[in-house]
Amino acid sequence: MRKSMWGMVLVSALVAGGCTWVDMAPGASSVRVIDGSGPPAGCEKRGEVEVTVKNKVAFYERNDLRVREELETMARNEAQGLQADTVQPMGAPLNGSQRFAAWRCGAGRGASLPAAPKATGSAQTYPIGG
């Protein structure tokens, strides 16, 4: 009985450790995320940030979409310290880490950013929180 109780405590601790989330810092919601197709026109590079989250706990692999969302949120939080208003992934996430370029494009320079690709179908997508 004692061993099974300690086993349950250990499993509970591992599961609780895997329950992570990243809160967006005040003001980070104004930091835009653009695709990695090339440097944005008319923007000043402010630096690079590398962010890391847990992508697995023991044998449990976390949801890839959730990991990407948390990495993006962390990059937006870090961009504020560089006086950047735009972040751009420099590559795909790897083992819970990802690098982002931080740019200052300014309020009047939004039109010089690469245009989003046009949808070819009639489907619409919506972000899901979770």
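Brief remarks follow.
- Hits in the stretch 31-54 (condition: under 10 Å from residue 86 (Cα atoms) and in a loop (DSSP other than H, G, I, E, B)): 31, 34, 40, 43
- Residue within the stretch 106-127 that is surrounded by 12 or more Cβ atoms within 10 Å (Cβ to Cβ) and modelled with pLDDT of 65 or more present: yes
- Residues considered: 49, 33, 53, 67. Of these, the only one that is touching a residue at least 24 places away in the same chain (Cβ under 8 Å) and surrounded by fewer than 16 Cβ atoms within 10 Å (Cβ to Cβ) is 33.
- Looking only at the stretch 1-30, and only at residues there that are over 20 Å from residue 92 (Cβ atoms), assigned to a loop (DSSP other than H, G, I, E, B) and aliphatic (A, V, I, L, M), the one that is modelled with the lowest pLDDT: 1
- Residue pairs whose Cβ atoms lie under 7 Å apart, separated by 6 or more positions or on different chains, with the first residue in the stretch 90-103 and without any contact (Cβ under 8 Å) to a residue 40 or more places away in the chain and over 11 Å from residue 49 (Cβ atoms) and the second among the small types (Gly, Ala, Ser) and not in a strand (DSSP E or B), do not occur.
The values are calculated or read from the model by the stated rules, or taken from the named source; none is laboratory data. This one's a predicted model, so the numbers in the text were calculated from it and none came from an experiment. Using ideal geometry, Cβ is built from the backbone for each residue, glycine included, and neighbour counts are taken over all protein chains shown.
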